[in-house]
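Down below is the structure, laid out as structure tokens.
The values are calculated or read from the model by the stated rules, or taken from the named source; none is laboratory data. Remember, it's a predicted structure, so these values are computed and weren't measured experimentally. Ideal geometry is used to build each Cβ from the backbone, glycine not excepted, and the neighbour counts take in all protein chains shown.
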Amino acid sequence: MVPEGDLSRPFPIRTRGAVLLALLGAGVWAFLHLDMSFGQLVPNEGGLDIAKKFFGRAFSPAFASEASSVPPGTPPLLILSLQALKTTVIYAAAAMSLSLLLGLVLGFFASTAWWTGDPVGGRTWFARTIAPAVYGATRLLTGFMRSIHEVLWALLLLAAFGITPLAAVIAIAIPYGGTLAKIFSEMIDEADRRPADALRAAGASGVQIYFFGLVPRALPDMLAYAFYRFECALRSSAVLGFFGFATVGREVEQSFNSNNYGEVWTHLYVLMAVIILFDAWSGQLRKRFVA
Amino acid sequence: MIMQGKASGFRLEGVTVRFGTTAALQDVDLTIEAGEAVALVGPSGAGKSTLLRLLNGMVRPDEGVVHVNGDTLGNLSRRALRDVRAAIGFVHQDLSLVPNLRVVQNVMAGRLGQQGLFASARSMLLPSKTATARAYEILERVGIAEKLYERTDTLSGGQQQRVALARALFQRPVALLADEPVSSVDPARARDTVELLTRVSREEGLTLVMSIHNLELARSCFPRLVGLRGGRVVFDARADGVGDDEFHALYDLDEAEMLADGA
């Protein structure tokens, strides 16, 4: 028996094809607009020379300072590198602690789950006025925090406070806090509602449902995402060294500017090692919580 | 506020519930006395779940009134509605537990409706000895005491059903509502679970209303059966008075319905 009515798909193949073509077209246009050609990838004589020297040292990083004259009292290269690494990790950890706090608090206000969802009684006065206003304001605030990159925040904060550790930590914590708030609130709002519904049926309030029905359900994902952001924080913290903070970035910049490419690789490998180690450790932790 | 230890009666008067344009329940009158055990039977889509959710204030009637132990649900403030919900245990059809919490935490969650935010945080994270002892005692009654500190999702479906019952009992309810509690367990377990629910309700003096697909099981475990079809009550009878005629009234498809289902 043939069912009656409209048999056409709601989103037909032809429309999908058109959307796909438009996306491809946008990509091609971007390349053309930027006036790119593969010829630009062929460096000039001097550039090629530097590139050869630089990449030539990839497999022979320096184990001692390559500078012709080292000021007296300077620690050996490896110690210097490890000190910078330690600072990098500490900055990242401080920034991440601050952004986790921001993310959890702002994430609550950026979530709708705790003030919507009761099937009975319509919306209370609070849920019609204050809650949506706070929600909207929080979404705006976190959007603003995220839309400025940590490097730009660092630039602004440096102008205000100078090269203090707090400036670097806050510069990372602002956009990271905004991102965590957005992702956390979405993970919580999208968590399975069936347990939440059961708690509501037992008389739980919206806030209780949020903390004891939805957050526990979203926690493994939140944890995994926080670990990933810590990895990002390590990179950000390293990059802020280019502004003069005592992180790996500063060592990289100084060695690079002095053409001591072996030293650059030493610093990069040290950073890479810590990120890989951290990844392995967080993988272990995730297995414990998620499995 | 409903007094504890006093069983809860329910009364529906001319209740109609619509979801969009379809009526889930139409002009239903039903009285369930305190302490009674009633099975709601009927095909899927008959309105059994909606009726149960009316009884604990999780669905609002479009027409008619719902009384729970003398209170009219429509007139209650939000806080008072939460008190009514807190006094009624609900065992759900699908998995309603937080899977990555410990069993003890899921049981403790039954008391959220009777606690403020800080008290509930304490009982979820650092429960007192007396609360833990009570959770253990209830789990013992439903036969899974040894699972107290297991992660809930490591339990089998039938065991999780028991945790859900333990959570409902932890509320110290005056009535138990159960929505197809055995739809996902095998027949032997189904009888065990239904008998457990009826026995516990009888011992505690709780009103019990359970929706159940299996007419045979309903007839052997409940003194009173209410048959629903298409959102209407088609019979309301003592279990020994439910025979073939009632069965056909519930499950025989007329021609129009066959066509509608077969499309």
Original post:
Looking at segment A:192-243, which of its residues are within 19 Å of A:Ala131 (Cβ to Cβ) and among the small types (Gly, Ala, Ser)?
Top reply: A:Ala196, A:Ala204, A:Ser205, A:Gly206, A:Gly213
Original post:
Looking only at segment B:51-63, which residues are buried (at least 23 other Cβ atoms within 10 Å of the Cβ) and either assigned to a helix (DSSP H, G or I) or of a type in the set (Gly, Ala, Ser) (or both)?
Top reply: B:Leu51, B:Leu52, B:Leu54, B:Leu55, B:Gly57
**OP:** Kindly list the number of the only condition in (1) within 18 Å of the chain's Cα centre (by Cα); (2) under 19 Å from A:Gly107 (Cβ atoms) that fails for A:Asp279.
**Re:** (2)
Subject >> Whichever residue in segment B:64-84 is modelled with pLDDT under 90, in a helix (DSSP H, G or I) and more than 7 Å from every other protein chain (Cβ to nearest Cβ) and, among such residues, is surrounded by the most Cβ atoms within 10 Å (Cβ to Cβ) >> reply: B:Leu73
Original post:
If you take the residues in segment B:85-103 that are more than 7 Å from chain A (Cβ to nearest Cβ) and surrounded by fewer than 22 Cβ atoms within 10 Å (Cβ to Cβ), which one is farthest from B:Leu169 (Cα to Cα)?
Top reply: B:Pro99
Subject >> Criterion violated by B:Val107 - all others in (1) more than 10 Å from chain A (Cβ to nearest Cβ); (2) at pLDDT below 95; (3) within 19 Å of the chain's Cα centre (by Cα) satisfied >> reply: (2)
Original post:
Out of the residues in segment B:206-232 that are under 18 Å from the mean Cα position of the chain (by Cα) and assigned to a helix (DSSP H, G or I), which is surrounded by the most Cβ atoms within 10 Å (Cβ to Cβ)?
Top reply: B:Ala218
Subject >> Counted residues, segment B:180-198 - those being more than 14 Å from B:Phe222 (Cβ to Cβ), out of contact with any Asp or Glu (no Cβ under 8 Å at 6 or more places or on another chain) and hydroxyl-bearing (Ser, Thr, Tyr) >> reply: 1
Original post:
Quick one: what pairs do we get from segment A:188-205, first residue facing chain B (nearest Cβ under 7 Å), second assigned to a helix (DSSP H, G or I) and acidic (Asp, Glu), C-beta under 8 Å, 6+ apart or different chains?
Top reply: A:Gly203/B:Asp83
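Would you confirm whether or not segment B:196-205 contains a residue that is of a type in the set (Lys, Arg), free of Cβ contacts under 8 Å to residues at least 24 places away in the same chain, surrounded by fewer than 20 Cβ atoms within 10 Å (Cβ to Cβ) and more than 23 Å from B:Arg85 (Cβ to Cβ)? First the steps, then the outcome.
Taking segment B:196-205 first, the residues of a type in the set (Lys, Arg) are B:199, B:202.
Now narrow it down to the ones that are free of Cβ contacts under 8 Å to residues at least 24 places away in the same chain: B:199.
Then drop every residue that is not surrounded by fewer than 20 Cβ atoms within 10 Å (Cβ to Cβ), which leaves B:199.
Those still in the list that are more than 23 Å from B:Arg85 (Cβ to Cβ) too: B:199.
Yes, because at least one residue in segment B:196-205 is of a type in the set (Lys, Arg), free of Cβ contacts under 8 Å to residues at least 24 places away in the same chain, surrounded by fewer than 20 Cβ atoms within 10 Å (Cβ to Cβ) and more than 23 Å from B:Arg85 (Cβ to Cβ).
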Original post:
When B:Lys129 is evaluated against the numbered criteria (1) assigned by TED's automatic domain parsing to the domain that holds B:Leu52; (2) farther than 27 Å from A:Arg217 by Cβ, which criterion, by number, is the only one it fails?
Top reply: (1)
Original post:
Only one residue in B:Leu117, B:Leu101, B:Leu51, B:Leu95 is touching a residue at least 12 places away in the same chain (Cβ under 8 Å) and over 23 Å from B:Gln160 (Cα atoms). Which one?
Top reply: B:Leu51
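With respect to B:Asp94, is the statement that it is at positive phi, acidic (Asp, Glu) and either in contact with a helix residue (DSSP H, G or I) (Cβ under 7 Å, 6 or more places away or on another chain) or assigned by TED's automatic domain parsing to the domain that holds B:Ile212 (or both) true? Give the derivation first.
Details: at positive phi: no; acidic (Asp, Glu): yes; either in contact with a helix residue (DSSP H, G or I) (Cβ under 7 Å, 6 or more places away or on another chain) or assigned by TED's automatic domain parsing to the domain that holds B:Ile212 (or both): yes.
Here the answer is no, as B:Asp94 does not meet what is asked.
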Original post:
So which residues in segment A:206-235 are within 13 Å of chain B (Cβ to nearest Cβ), aromatic (Phe, Trp, Tyr) and over 16 Å from B:Ser123 (Cα atoms), if there are any at all?
Top reply: none
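Return yes when A:Leu80 is surrounded by 14 or more Cβ atoms within 10 Å (Cβ to Cβ), under 15 Å from A:Ala246 (Cβ atoms) and touching a residue at least 60 places away in the same chain (Cβ under 8 Å) and no when it is not.
Considered against the rule, which asks whether it is surrounded by 14 or more Cβ atoms within 10 Å (Cβ to Cβ), under 15 Å from A:Ala246 (Cβ atoms) and touching a residue at least 60 places away in the same chain (Cβ under 8 Å), A:Leu80 comes out as yes.
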Original post:
Taking B:Pro43 and the conditions (1) under 30 Å from B:Arg219 (Cβ atoms); (2) at pLDDT 90 or above, which numbered condition does it fall short on, given that it satisfies the others?
Top reply: (2)
**OP:** Kindly indicate whether any position in segment A:90-112 is surrounded by fewer than 15 Cβ atoms within 10 Å (Cβ to Cβ) and within 14 Å of another protein chain (Cβ to nearest Cβ).
**Re:** no
**OP:** Give the residues of segment A:45-63 that are closer than 21 Å to A:Leu80 by Cα and either among the aliphatic types (A, V, I, L, M) or not in a helix (DSSP H, G or I) (or both), sorted by residue number.
**Re:** A:Arg57, A:Ala58, A:Phe59, A:Ser60, A:Pro61, A:Ala62, A:Phe63
**OP:** Can you work out which of the residues in segment A:242-261 that are within 23 Å of the chain's Cα centre (by Cα) and of a type in the set (Phe, Trp, Tyr) is farthest from A:Leu166 (Cα to Cα)?
**Re:** A:Phe242
Original post:
Looking at B:Leu177, B:Leu112, which one is at the interface with chain A (Cβ under 9 Å from one of its Cβ atoms), over 30 Å from B:Cys221 (Cα atoms) and crowded, with 24+ Cβ neighbours inside 10 Å?
Top reply: B:Leu112
Original post:
Would you pick out the residues in segment A:35-51 that are at pLDDT 80 or above and surrounded by 11 or more Cβ atoms within 10 Å (Cβ to Cβ)?
Top reply: A:Leu48, A:Asp49, A:Ile50, A:Ala51
**OP:** Residues that are within 17 Å of B:Asn100 (Cα to Cα): find the helices (runs of 4 or more DSSP H) completely inside segment B:111-175 holding 1 or more of those.
**Re:** B:117-125, B:157-170
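If we only count helices (runs of 4 or more DSSP H) wholly inside segment A:139-226, which ones have 2 or more residues that are within 13 Å of the chain's Cα centre (by Cα) and farther than 26 Å from B:Gly116 by Cα?
Numbers: elements: A:150-161, A:165-189, A:193-201, A:206-209.
It comes to A:150-161, A:165-189.
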